[in-house]
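The structure appears below as structure tokens.
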Amino acid sequence: MHPAAQIQAILTGFRRQKPLRAGSLLVTILGDAIAPRGGSISLSSLIALARLFGISERLARTAVGRLANDDWVTSARSGRSSYYTLSAKGRARFAEATHRIYSSPIDSWNGAWTLAILSATLERKAREKVGDELRWLGFGEVNTGVFAHPTHEGKDLPQLGATDPLIVFQGGAVDRESEVKLVAKGWDLAELARRYRRFVAMFEPVDQAATVSDISGAVGETAYVLRTLLLHEYRKIHLRDPLLPNRLLPADWAGNDALELCRRLYIKTFQISERYLSETVQTLNGRLPPPSLDIYQRFGGLPTSITR
């Protein structure tokens, strides 16, 4: 099957999702494409990008309004046009997610664990909030109110929004048998591996069929759609990945295959999709500014030349 037909099949599958989660897709668009290029976009441009994926104007407006209400973005008007810019909270959250999504696997580990124990005095809603924050950071709940992670330094844990929410132990080492038990209790790696394998099955045919020249010769819109769907599906899985050291993972860990596939396809789509963004997206100050240098460190290194 031709790469364009394969990309269209993936796009069709995405559009058929019920419900079609517009907010989640906008987070992918903003985090992957807009954050490294100034963090601002006109509402009309955001609506146009969302429309490529079957998101109606009404859904896009509703979704970006919710992001504004949740302080991910701020809005401004100029004449009859609206513009959105990442808020300080949005930039911080996207920066954290960017580090997790585009980083390399952890090859070295000193064997030290961080334990975080929820205070027994916390009310239920506060416990749930802090627990959700810990899970976002990759911690696994190994017992009721007890969370663990093998590589997280724990330095930002006391700033989760509750008064004295945690008791934190850092640097604790356990024997190999206990490591296995902690991993089994804290994370469902089998389900995570299943989702990674499904991701590979979805995008591997495109990777095998499409060379860099195939993508470069494609319509910029097609390359951008592929890049966004690729990152969107990978992000949904990878942000649930605790990013354990390789020593704690199965020898044939599916996450490694998913990462390599995502990296290859991202590189194939990167230049032409960036050019498409440069040509089509508007901000309050005109066209998008050039990408920040940090973007070229994604997935271990990206091409630096973008034809405008």
Quick check, is S87 in the same structural domain as S45 (by TED's automatic domain parsing) and either among the hydroxyl-bearing types (S, T, Y) or within 24 Å of A258 (Cβ to Cβ) (or both)? yes
Per the list (1) part of a loop (DSSP other than H, G, I, E, B); (2) farther than 17 Å from K236 by Cβ; (3) aliphatic (A, V, I, L, M), residue check on A5 breaks on (1)
Restricting segment 146-166 to residues that are under 23 Å from L192 (Cα atoms) and surrounded by fewer than 19 Cβ atoms within 10 Å (Cβ to Cβ), the residue that is modelled with the highest pLDDT: V146
Kindly indicate the residue of segment 223-247 that is surrounded by fewer than 21 Cβ atoms within 10 Å (Cβ to Cβ) and over 19 Å from R197 (Cα atoms) and also modelled with the highest pLDDT among those meeting that condition. P245
Taking helices (runs of 4 or more DSSP H) that fall entirely within segment 205-303, which contain at least 2 residues that are under 19 Å from the mean Cα position of the chain (by Cα)? 220-238, 254-280
If I filter segment 171-189 for residues that are among the β-branched types (V, I, T), surrounded by 12 or more Cβ atoms within 10 Å (Cβ to Cβ), in a helix (DSSP H, G or I) and at pLDDT 80 or above, do I get at least one hit? yes
Starting from residues that are surrounded by fewer than 17 Cβ atoms within 10 Å (Cβ to Cβ) and among the small types (G, A, S), keep the ones in segment 6-25 and report whichever is nearest to S56 (Cα to Cα). S24
Segment 31-83 - residue that is among the charged types (D, E, K, R) and not in a helix (DSSP H, G or I) and, of those, surrounded by the fewest Cβ atoms within 10 Å (Cβ to Cβ): R80
Only listed residue being assigned by TED's automatic domain parsing to the domain that holds R298 and modelled with pLDDT under 90, chosen from G220, G255: G220
Go through segment 84-99 and give me each residue that's closer than 19 Å to L25 by Cβ and in a helix (DSSP H, G or I). G90, R93, F94, A97, T98
Odd one out for R198 among (1) modelled with pLDDT of 95 or more; (2) within 22 Å of L52 (Cβ to Cβ): (2)
Which residue out of S278, S273 is free of Cβ contacts under 8 Å to residues at least 40 places away in the same chain, among the polar types (S, T, N, Q) and in the same structural domain as L43 (by TED's automatic domain parsing)? S278
Tell me which residues, restricted to segment 123-145, are crowded, with 17+ Cβ neighbours inside 10 Å and assigned to a strand (DSSP E or B). G140, E141, V142
In segment 8-40, what residues are closer than 21 Å to L239 by Cα, of a type in the set (D, E, K, R) and either touching a residue at least 24 places away in the same chain (Cβ under 8 Å) or in contact with a Phe, Trp or Tyr (Cβ under 6 Å, 6 or more places away or on another chain) (or both)? D32
Here is a list: D132, D32. Which entry is more than 30 Å from A9 (Cβ to Cβ) and acidic (D, E)? D132
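The values are calculated or read from the model by the stated rules, or taken from the named source; none is laboratory data. From a predicted model like this one, the values you see are computed outputs, not experimental measurements. Glycine also receives a Cβ, built like all others from the backbone with ideal geometry; neighbour counts cover every protein chain displayed.
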